[in-house]
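Notes for the one structure printed next.
The values are calculated or read from the model by the stated rules, or taken from the named source; none is laboratory data. None of the values given here were measured: they were computed from a predicted structure. When we count neighbours, we look across all protein chains shown, and the Cβ atoms used for this are built from the backbone with ideal geometry, even at glycine. The area values use the complete protein model at the heavy-atom level, side chains included, leaving out ligands, DNA and RNA. Shrake-Rupley method; radii C 1.70, N 1.55, O 1.52, S 1.80 Å.
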Amino acid sequence: MTNPKRVFSGVQPSGNLTIGNYIGAIRQWVERQQEFDACYCVVDAHAITVPYEPQTLQTKTREVAALYLAAGLSTDYATVFVQSHVPQHTELAWYLTCITSLGWLNRMTQFKDKSARLETEMIGAGLLNYPVLMAADILLYQTELVPVGDDQRQHIELARDIAQRFNATFGETFTIPAAMIPLEGARVMGLDTPTTKMSKSTTDSQYHAVYLLDEPDTVLKKFKRAVTDSLADIRFSADPERAGVNNLLTIFQALTHQNAEGVEAHFAGKGYGHLKTEVAEVVIETLRPIQQHYAELMAEGGYIDRVLAEGAAKAQVIATQTVADVKGRMGFLLPAL
Ligand code: AQP
């Protein structure tokens with residue numbers, strides 16, 4: 001039997017997890033966890049690349065880990081841990097920073113988007129370097145596949161470039177990773193601004209994102225306010241004018257696992273009010289068991305922290321080996337034992 005492929009991915013605890021994070025990333029982690037040797041990390045060191053509240057970071061880190069488990073990740077198959085509990089992530093990030101060109105980083109669209117929202121004085125070097133830390137996260141575990149949403153495609157390309165440059169300079173060290181992007185729901189859009197990606201931290205609007213811990217009434221209210229158009233025609237479309245309806249259909253399709261024709265046939269002859277209510281119902285029913293499981297896990301005092309401690313110990317075994325290898329190849333004097 002061949003060894004299962006190594007998979008790594010993570011979500012930053014930079015706010016409340018959205019159905020975009022779930023549909024684009026977490027759902028595929030859960031659905032395919034038995035096929036892979038998977039590491040799923042709460043990438044807390046990424047969450048400090050923009051202004052944040054230290055008091056909230058801790059709470060959100062535990063919450064995100066609990067949501068991974070509540071959504072169905074099992075420690076029987078996956079190693080679940082917190083990035084800052086394995087210090088080799090930031091150590092490797094420095095070594096990789098030194099072989100990453102500034103030109104590569106300046107081209108990252110997420111940096112351009114996020115920095116455009118901050119005053120110049122508040123744009124930390126960490127925001128520019130974020131993709132190098134992400135490359136370190138991935139390469140540290142000799143990862144083959146990275147299940148992410150479409151917005152992370154460019155960062156995975158960069159991780160590949162960094163790995164190739166390292167291997168070419170210092171000798172074969174890293175596995176070259178590949179992105180694993182879902183066929184449906186790879187980019188869920190904001191309900192209020194359907195031409196921009198649904199995001200957990202980029203807007204204060206209460207009608208932008210549906211969160212995994214939203215109450216059913218709130219979910220329904222948000223979908224009822226979703227931006228659509230005046231065409232009253234329920235079809236998938238790449239036309240930006242029709243982005244709202246396309247987004248609702250995409251969410252429905254991703255959560256019901258139907259093909260596009262089936263979804264269009266299902267809504268044929270129905271109005272936008274019906275579409276919004278039905279998509280809301282599917283989302284509510286998807287979230288219901290996750291929310292129940294989340295409440296149970298959080299009620300079990302110390303459980304999440306124990307899972308994270310075990311996960312970090314397991315992850316550290318691989319991380320230590322990779323960093324020792326990297327340091328040896330880069331010419332560092334290794335300490336005497
Ligand atoms: N709208 C989305 N549709 C599909 N997938 C998405 N992801 C994020 N938003 C969508 C996927 O979720 C994973 C975790 O993302 P992250 O927390 O590392 O950062 P992000 O991609 O920048 O996500 P957010 O929610 O927009 O966070 P903030 O607001 O903090 O920047 C990734 O796999 C991502 O593709």
Per residue, what accessible area does the chain have, given a 1.4 Å probe and all protein chains present, in Å²?
47
Using θ = phi - 60° and the Karplus form 6.51 cos²θ - 1.76 cosθ + 1.60, what ³J(HN,Hα) does each residue of the range 255-272 get, whole Hz, x for Gly and Pro?
8, 10, 6, 9, 7, 4, 5, x, 5, 5, 5, 4, 9, 4, x, 9, x, 5
Only sites in a loop by DSSP and with at most 15 other Cβ atoms within 10 Å count here; which trypsin sites (Lys or Arg not before Pro) in the range 75-118 make the cut?
Arg107, Arg117
Filter Lys5/Lys200; Lys114/Lys200; Lys114/Lys224 down to the pairs with a C-alpha to C-alpha distance above 20 Å, please.
Lys5/Lys200; Lys114/Lys224
Can you tell me which of Leu183, Leu158, Leu128 moves the most in a GNM of the chain? Springs connect C-alpha atoms under 10 Å apart.
Leu183
Please give the charge dipole size of the chain, origin at the Cα centre, charges +1 on K and R Cβ atoms and -1 on D and E Cβ atoms. Round to the nearest 20 debye.
460
Each label point is 7 Å from the Cα along the Cα-to-Cβ direction; what then is the distance between the points at Gln206 and Asp76, in nm?
4.2
For the chain, with a Gaussian network of springs between Cα atoms less than 10 Å apart, report the residue from Gly190, Gly149, Gly302 with the top mean-square fluctuation.
Gly302
For the range 295-304, just list the computed ³J(HN,Hα) in residue order, Karplus coefficients 6.51, -1.76 and 1.60, θ = phi - 60°, integers in Hz, with x standing in for Gly and Pro.
4, 5, 5, 6, 6, 7, x, x, 4, 4
For Ala179, residues with placed amide H under 5 Å, excluding near neighbours:
Val146
Loop only per DSSP, at most 13 neighbouring Cβ atoms within 10 Å: give me the GluC sites (Glu not before Pro) in the range 228-337, ordered by residue number.
Glu300
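About its Cα centre, what dipole magnitude does the range 73-204 give when the only charges are +1 on Lys and Arg Cβ and -1 on Asp and Glu Cβ, stated in debye to the nearest 20?
260
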Taking a ≥ b ≥ c as the square roots of the Cα gyration tensor eigenvalues, with a/c under 1.5 meaning rounded and otherwise prolate when a/b beats b/c or oblate if not, the range 124-180 comes out oblate
For the range 28-132, what relative contact order do you get, as a whole percent, if you take Cα pairs closer than 8 Å and at least 6 residues apart?
36
Gyration tensor on Cα atoms of the chain, a ≥ b ≥ c root eigenvalues, a/c under 1.5 rounded, else prolate if a/b beats b/c, else oblate, says prolate
To the nearest 20 debye, the range 216-296 has a Cα-centred charge dipole, built from +1 on Lys and Arg Cβ and -1 on Asp and Glu Cβ, of 260
Quick check: convex hull over the Cα atoms of the range 216-296, volume per residue in Å³, rounded to an integer?
88
Among Gly269, Met298, Val219, which residue has its Cα positioned farthest towards the positive end of the charge dipole of the range 218-337, with +1 placed on the Cβ of Lys and Arg, -1 on the Cβ of Asp and Glu, and the dipole taken about the Cα centre?
Met298
For the range 74-224, with the dipole built from +1 on Lys and Arg beta-carbon atoms and -1 on Asp and Glu ones, taken about the Cα centre, which of Met180, Tyr77, Leu102 lies farthest toward the positive end?
Leu102
Under the classification rounded if a/c is under 1.5, otherwise prolate if a/b is larger than b/c and oblate if not, where does the range 268-325 fall, given a ≥ b ≥ c as square roots of the Cα gyration tensor eigenvalues?
oblate
Hits among aspartates and glutamates - C-alpha to C-alpha of Lys327 under 20 Å, sequence gap 8 or more where chains match:
Glu91, Asp137, Asp161, Glu172
Of Val282, Gln321, Thr250, which is farthest on the positive side of the dipole of the range 226-337, counting Cα position, with +1 on Lys and Arg Cβ, -1 on Asp and Glu Cβ, and the Cα centre as origin?
Gln321
Can you list residues whose amide H is under 5 Å from Gly15's amide H, if they're 5+ apart or on another chain and H is modeled 1.01 Å from N?
none
